[in-house]
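Structure record follows, encoded as structure tokens.
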Amino acid sequence: MNAPYAPTGLDFPWPDTPEPGGYQQIAEGILWIRLPLPMALDHVNVYAFDEGDSWTIVDTGFKSKHGVKLWEALLEGALKGKPVGRVLLTHHHPDHVGMAGWFVERGAALWSSRTAWLMSRMLILDVEKEMTAQSHKFWTQAGMDKDLLEKRRVERPYNFADACHDLPVGYTRLKEGDVLEMGGRSWDVLEGNGHAPEHLTFWSRDDDFVVAGDQIISSISPNIGVYATEPEADPLGEWIASCEKFEAIARPEHIVLSGHKRPFVGLPHRMRQLRENHEHCLERLVEHLSEPKTAAECFAPLFKRKIDEGIYGMALVEAVAHLNHLLTEGRAVREAREDGAWLWRAKG
Ligand SMILES: [Zn+2]
């Protein structure tokens, strides 16, 4: 396929973005579907692959009454009345897994990494009515603003089940090194980490398409966060390792179909950018830690925008991820302040 070539920057072969609930044909057998999300990042991309008498879809969007209506219209329109026979998940986040159970109930098979399956099934079942003691401790250690923490303590927390259909038991495991048939092509299955554990990506052997989920996105850097579920994790270390892995196999001809924003060309450049973004963040953070700081006091060196309440939680989990990485690498140390917050400072 002759795709625009992007030796130095990024190119966007399909400049017209589908409307929410709309679609566009990308190539023979591949549709790009865009679904709305009720948040700052207001959309997610889903891809449909024609299997002759049925479709494979990669990711599904949030579950909501509106989401069901959009899918019913898409099944009749874009998908020409043929059923979805298989749902592939790139990773376990609600904007990707939300409608998966709805399709499984209607006869689709579910394929994903084992970790994505276990995480989504666990988190959909785990409905918390109030903030757990573990979450409270985690946010305290991160130095969350005290008024905000108190507000969140008495609010019902966000649960996966709010945006995800129940996920019936049973799935097919995909893992690194598998080869998959989809949409008339063979695809290598490669795993990434950092944004979500065992995040799957699919690399076509027959043309230049890469289905990348949230592992590789053109104009936003995927959120890398640490949560109360695994407070000592170093997802940023895993993220950087994944960037290096994909950078080594990236070709200028690759056409990246990602979970958000537009499909793009220029993968070698983008992989380098994604890795360097975080490396520069870490350098600025080390400088910032010449004086002891909590994670919540580390937004300035990490983000180039004002952090309002809507994105405060996302910013804080990302700040902890950067600090945990410095700790793992021996570039920072921490000690508990009287109120329980970790105070971080650069080592040496
Ligand atoms: Zn996403």
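Every read-out reported here was derived from the displayed coordinates using simple, explicitly stated rules and does not represent laboratory data. The structure presented is a predicted model; accordingly, all values stated were derived computationally and were not measured. Reconstructed Cβ throughout: ideal geometry from the backbone, glycine too, with neighbour counts over all protein chains shown.
In table form, for the structure just shown:
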| read-out | value |
| --- | --- |
| In order through region 179-191: 3J(HN,Hα) via Karplus (6.51 cos²θ - 1.76 cosθ + 1.60), integer Hz, x for Gly, Pro | 10, 10, 9, 7, x, x, 9, 9, 10, 7, 9, 10, 9 |
| Ranked packing of 57-63, 110-116, most packed first, by mean Cβ within 10 Å | 57-63, 110-116 |
| Computed helical MRE - 222 nm, the chain, DSSP H runs ≥ 4 contributing -39500 (n - 2.57), nearest 500 | -10000 deg cm²/dmol |
| 37 °C / 0.692 mPa s Stokes-Einstein diffusion coefficient of region 137-292, Kirkwood radius on C-alpha pairs, µm²/s | 181 µm²/s |
| All-pairs alpha carbon distance profile, the chain, 10 Å steps from 0, percent | 5, 24, 32, 24, 11, 2, 0 |
| Gaussian network model of the chain, springs between alpha carbon atoms under 10 Å - residue of LEU257, LEU74, LEU41 with greatest fluctuation | LEU41 |
| Fraction of antiparallel bridges per DSSP, the chain only, in percent to nearest 5 | 75 percent |
| Within region 144-204: Cβ-based charge dipole about Cα centre, in debye rounded to nearest 20 (Lys, Arg +1; Asp, Glu -1) | 200 debye |
| Distance between region 7-48 and region 189-223 - C-alpha centres, whole angstrom | 15 Å |
| Whole-Hz couplings from phi, Karplus 6.51/-1.76/1.60, listed for region 250-262; x for Gly and Pro | 5, 10, x, 7, 4, 10, 9, 9, 9, x, 9, 6, 9 |
| Cα gyration tensor, region 9-141 - rounded (a/c under 1.5), prolate or oblate | prolate |
| Normalised per residue, the volume of the convex hull around the Cα set of region 132-223 (Å³) | 171 Å³ |
| Estimated inter-spin distance, GLN273 and GLU155, nm [label 7 Å along Cα→Cβ] | 3.2 nm |
| Given LYS137/LYS245; LYS146/LYS306; LYS129/LYS175, the pairs whose alpha carbons are separated by over 23 Å | LYS137/LYS245; LYS129/LYS175 |
| Folded to 0 to 90 degrees: helix 235-249 orientation relative to the chain principal axis, Cα | 40 degrees |
| Two-decimal Rg/Rh across region 1-82, once Rg and the Kirkwood Rh are taken from alpha-carbon atoms | 1.01 |
